[in-house]
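Remarks on the structure that follows.
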Amino acid sequence: MNDDLLDCLVIGGGAAGLTAAVYFGRYRRRVLVLDDDESRLKWIPRTRNVLGFPDGIEGPDLLERMREHARRYAVPTERVHVEALRKEADGSFVAEAGGRRWRARFALLATGARDVVPDVEGFDGGLRAGQVRFCPVCDGFETQGKKVAVLGQGAHGLRESLFISNFGNEVTLAGDGFAGGRRAAGLAQLREAGVRIAESAPRQIACGADCGVRVTLQNGQVLEFDTLYPALGLAHKHDLATALGARAQPDGQLEVDAHQQTSVEGLYAAGDVAVDLNQIAVAAGHAAIAATAIHNRL
């Protein structure tokens, strides 16, 4: 193990982790970013609600700009997947990855989340083409007056369909949704909002400039849309924290205090892994609060 005691280990190199890195660098603190290169920023075709980019910016470009910003302050990064995080008797934290270990007084988790993807043929191609999108909060504005499909189950599908219908879209929910007594209430809400219900679940997705998103259902019916949103939820990457005893909500997001500290002393969380709205701006705000709180404790 590298016996050099750092001020903080930042685990995760997306919007939250890199914002924290910039703050720590400007605070002249000794930190290390441990990043597995799995930020959700890489899957954003173009975001238009990040201030300073009124014409929008592609997610990979934004990620590289954030990395360059952190490099300006000489914040080092190791491209590794952290396998374990433990807390020592003296209160410091040790991260382990690939047989290597690093130690710091504090740890900041910015491990994010991953979108739950449907087991539907052609999904990845649609995502790469930008016609399958994950975040209507981010880009629902751009779908106004269009034909939009929501591929979802249960409460996720219901909420997302209703949300997108507020933009004046022709919305179709593809995927049944509701169990027991909730089914009638959910269907009534969808009907009131003008949301259509597909007759069966999707089997195949095809995308192209000539057809937008073509969805083939299990019953053979083919439907065409401008955009498709999966609404299957997120898997929050909380395992490193909960293994140390940190409290998490039922959906996996970590509970934090006003300074982004988890229920484990000295362990902080920022971004999608922490309780709050899953947005780039929120992740940056979390990171600024957490980094400043840690700086003030050093």
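The values are calculated or read from the model by the stated rules, or taken from the named source; none is laboratory data. Note that the structure is predicted; figures quoted are calculated from it, not measured. Virtual Cβ from ideal backbone geometry, glycine too; neighbours counted across all protein chains shown.
Of the numbered conditions (1) crowded, with 20+ Cβ neighbours inside 10 Å; (2) out of contact with any helix residue (DSSP H, G or I) (no Cβ under 9 Å at 6 or more places or on another chain), V273 fails exactly one; give the number of that condition. Checking V273 against (1) crowded, with 20+ Cβ neighbours inside 10 Å; (2) out of contact with any helix residue (DSSP H, G or I) (no Cβ under 9 Å at 6 or more places or on another chain), the one that fails is (2). Within region 224-238, the set of residues being among the aliphatic types (A, V, I, L, M) and either over 17 Å from P118 (Cβ atoms) or surrounded by 18 or more Cβ atoms within 10 Å (Cβ to Cβ) (or both) comprises L228, A231, L232, L234. Looking across region 52-61 at every residue that is in contact with a strand residue (DSSP E or B) (Cβ under 7 Å, 6 or more places away or on another chain) and outside any strand (DSSP E or B), the one that is surrounded by the most Cβ atoms within 10 Å (Cβ to Cβ) is identified as G59. When residues in region 96-135 are screened for being of a type outside the set (A, V, I, L, M), over 18 Å from P202 (Cβ atoms) and not in a strand (DSSP E or B), 6 of them pass. For A89, the stated conditions hold: it is exposed (fewer than 12 other Cβ atoms within 10 Å of the Cβ), at negative phi and among the small types (G, A, S).
Can you confirm whether L85 is in contact (Cβ under 8 Å) with a residue 60 or more places away in the chain and in contact with a helix residue (DSSP H, G or I) (Cβ under 6 Å, 6 or more places away or on another chain)? So L85 passes the test. Report, by residue number, each residue of region 161-191 that is part of a helix (DSSP H, G or I) and at pLDDT 90 or above. Answer for region 161-191, where residues must be part of a helix (DSSP H, G or I) and at pLDDT 90 or above: S161, L162, F163, I164, S165. Here D37 clears all of (1) within 17 Å of L6 (Cβ to Cβ); (2) acidic (D, E); (3) in a loop (DSSP other than H, G, I, E, B) except the condition numbered (1).
Checking every residue in region 36-48 against the condition of being surrounded by fewer than 16 Cβ atoms within 10 Å (Cβ to Cβ) and over 18 Å from A113 (Cβ atoms) gives at least one match.
Scanning region 286-298 for residues that are of a type in the set (G, A, S), in contact with a helix residue (DSSP H, G or I) (Cβ under 9 Å, 6 or more places away or on another chain) and either farther than 15 Å from G112 by Cβ or not in a helix (DSSP H, G or I) (or both) turns up A288, A291. When S39 is tested against (1) polar (S, T, N, Q); (2) under 14 Å from the mean Cα position of the chain (by Cα); (3) closer than 18 Å to Y229 by Cβ, exactly one condition is not met: (3). A206 fulfils the conditions (1) closer than 27 Å to V171 by Cα; (2) of a type outside the set (K, R); (3) loosely packed, with under 14 Cβ neighbours inside 10 Å except for a single criterion, (3).
Condition check ((1) in a helix (DSSP H, G or I); (2) surrounded by fewer than 21 Cβ atoms within 10 Å (Cβ to Cβ)) across all residues:
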{"site": "V10", "(1), (2)": "no, no"}
{"site": "G13", "(1), (2)": "no, no"}
{"site": "V50", "(1), (2)": "no, yes"}
{"site": "L63", "(1), (2)": "yes, no"}
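Working only within region 53-90, note down all residues that are under 30 Å from G245 (Cα atoms) and in contact with a Gly (Cβ under 9 Å, 6 or more places away or on another chain).
Listed by number, the residues that qualify are V75, T77, R79, V80, H81, V82, E83, K87.
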